[in-house]
Each structure stands twice: as C-alpha cells, then as structure tokens.
Amino acid sequence: MLEIIQIPVLSDNYIYLLHDSVSGETAAVDPAVAEPVLAMLKQRDWQLTYILNTHHHSDHVGGNLELKHETGCQIIGSAKDKHRIPAIDRCVSEGERITVGSHSAQVIDTAGHTSGHIVYYFAEDNALFCGDTLFVMGCGRLFEGSAEQLWQSLQTLKALPAETRVYCAHEYTENNARFALSVESANLALHNKIALVQQQRAKGLPAVPSTIAEELATNPFFREDSTAIRASLHCMDNKPVEVFAELRRLKDSF
Ligand code: ZN
Ligand code: FE
C-alpha cells in the first residue's frame, strides 16, 4: 500500500508525503516549506528519498534546498523546468515513469498554469498528484500557457479512471464552489457536493482529495459541454475550448 499523508502549510497549500513501507522509500510532493515535512518524517521515523515537483512556483519548491540538505533526497521535476526548479537532480518528461518503492507513477505533461507543469499519476494506487492544474471544482490560472493548452491538459485528466483520487496542491474548494454555483446553479450533484464540503471544512478537515468522478459531475472546467453552463455564459454554439476559455476568464475576476 502507498501511504499518503496530507500536510496543510502556508495559507492554503497541501504537501503530500508518500510512503512505501516495504522498501521504506518516501516522497514529498511539492514541499512549499521544509519544516513541517522534517517534523512529519521525524514523527514517523521515515527517511525522505525523493521530492516530486509539479512546477516551479515558490509555493511548490520552497522547501527543496533545505530538504535536500537535511536528507540527501533526490529531486525530480519537469525537463522543461530544468533551470528553475531548485537543485533538480532528475528531469522527466511526458510518458516517463518514476517510482516510490514498488509504486509507479506516470508523468503527464499538463502545460497551462505554467509551461512546464507536470502531474504524477499512480494508476495502481488510484492517485493523481496534480499540483495547480486541477483543483476540487476548479483549475489553475493561466500564467504561462494558453486556454487551449490547459484545456488539452484537462482533457487528459478527465479521461483517467473515475475512481482516481485527485490530490491537488491547494485548498481552494469553497471559493471554487461559489464560482461553480454561479455558472450552474441547478446542478444537483454540485449542491450535494457543496453540502459535504461545508461539513468537512466546518470540522477543520480538508475538502481534498476528491475523485475524477466527482469532478466530472461538479467542476465547471470539466463541464464545458453542460447546456446550463453554456446558457449562463451565452456560449450555446461555441467550441468546448472557447467555453473553457470564457469560464477561465470569468473565474479570474470572480
Ligand atoms: Zn502554481
Ligand atoms: Fe500553487
């Protein structure tokens, strides 16, 4: 089994620790900061083997140098971000595989939020670590890519098995839910999901992970074919990518 620990840090980031008990290997996904990771490693008596970075933003790589210095871990990131991921050791590209013990992940190129964004998909473990590409009921902003690029990237994630758990890097769920409701107010699945999220957040629990199935039913950025969304955007006859671009534009100023 791949043990997954979720560590909330900064205002709304999540760092994930992945641990394979057979080999003892441990990976940290997007360590924004080092200290809470070091504390958790100590508490569990784990050694850090890898850092898996999804992209170069500081709230995803901020702990790289200190963690490498303290643990000697190997840092894995996109070949496209070779010059801007601190202390990167191994550059990976679309289709390559990385392993944590016997657990294997496929690297998927998801350009859009940044030009070098990648995600790590552990098929046998039903787990997707998607950084800032896909959020619960939302998606990343277009900082370095086009709407076309991010839309293409999301098409790949949409096609993953429905039961895949979506481990994104931020707790933006409640704000995303408000936007989703503003463009698709009659979506029953969305209302049910929001009720659940509110219960979780009221108890101080994360609303992450969700699943691909839940995202297909509730995330407007997965639902550009929805007649209700198209009607509320006055985009009835537009291409899916155009509806997506309009959703992203509206969300930017929501
Ligand atoms: Zn980012
Ligand atoms: Fe981020």
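The values are calculated or read from the model by the stated rules, or taken from the named source; none is laboratory data. This one's a predicted model, so the numbers in the text were calculated from it and none came from an experiment. When we count neighbours, we look across all protein chains shown, and the Cβ atoms used for this are built from the backbone with ideal geometry, even at glycine. Heavy atoms of the whole protein, side chains included, go into the accessibility calculation; ligands, DNA and RNA do not. Shrake-Rupley method; radii C 1.70, N 1.55, O 1.52, S 1.80 Å.
Quick look at the values:
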| read-out | value |
| --- | --- |
| Odd one out for Cys130 among (1) in contact with a Leu (Cβ under 9 Å, 6 or more places away or on another chain); (2) without any contact (Cβ under 8 Å) to a residue 60 or more places away in the chain; (3) not in a loop (DSSP other than H, G, I, E, B) | (2) |
| Only listed residue being away from ligand 2 (no atom under 14 Å from the Cβ), out of contact with any Leu (no Cβ under 9 Å at 6 or more places or on another chain) and more than 23 Å from Tyr121 (Cα to Cα), chosen from Ala34, Ala39 | Ala39 |
| Filter result for the condition that a residue is touching a residue at least 12 places away in the same chain (Cβ under 8 Å) and not in a strand (DSSP E or B), over Pro8, Pro86 | Pro86 |
| Any chance His191 is at positive phi and open to solvent by 70 Å² or more (accessible area, probe 1.4 Å) | no |
| Matching option when the condition is among the β-branched types (Val, Ile, Thr), within 16 Å of ligand 1 (Cβ to nearest atom) and either within 23 Å of Phe254 (Cβ to Cβ) or in contact (Cβ under 8 Å) with a residue 24 or more places away in the chain (or both), among Val183, Val136 | Val136 |
| Residue, most open to solvent (accessible area, probe 1.4 Å), within the stretch 195-212, restricted to residues that are closer than 11 Å to Val136 by Cα and either of a type in the set (Val, Ile, Thr) or assigned to a helix (DSSP H, G or I) (or both) | Thr211 |
| Some residue of the stretch 68-86 being within 16 Å of ligand 1 (Cβ to nearest atom) and small (Gly, Ala, Ser) | yes |
| Residue, surrounded by the most Cβ atoms within 10 Å (Cβ to Cβ), within the stretch 159-175, restricted to residues that are in a loop (DSSP other than H, G, I, E, B) and away from ligand 2 (no atom under 16 Å from the Cβ) | Thr164 |
| Inter-residue pairs, beta-carbon under 6 Å, first over 14 Å from Leu2 (Cα atoms) and of a type in the set (A, V, I, L, M) and in the stretch 14-40, second open to solvent by 30 Å² or more (accessible area, probe 1.4 Å) and part of a loop (DSSP other than H, G, I, E, B), 6+ apart | Ala32/Leu10; Ala32/Gly62; Val33/Gly62 |
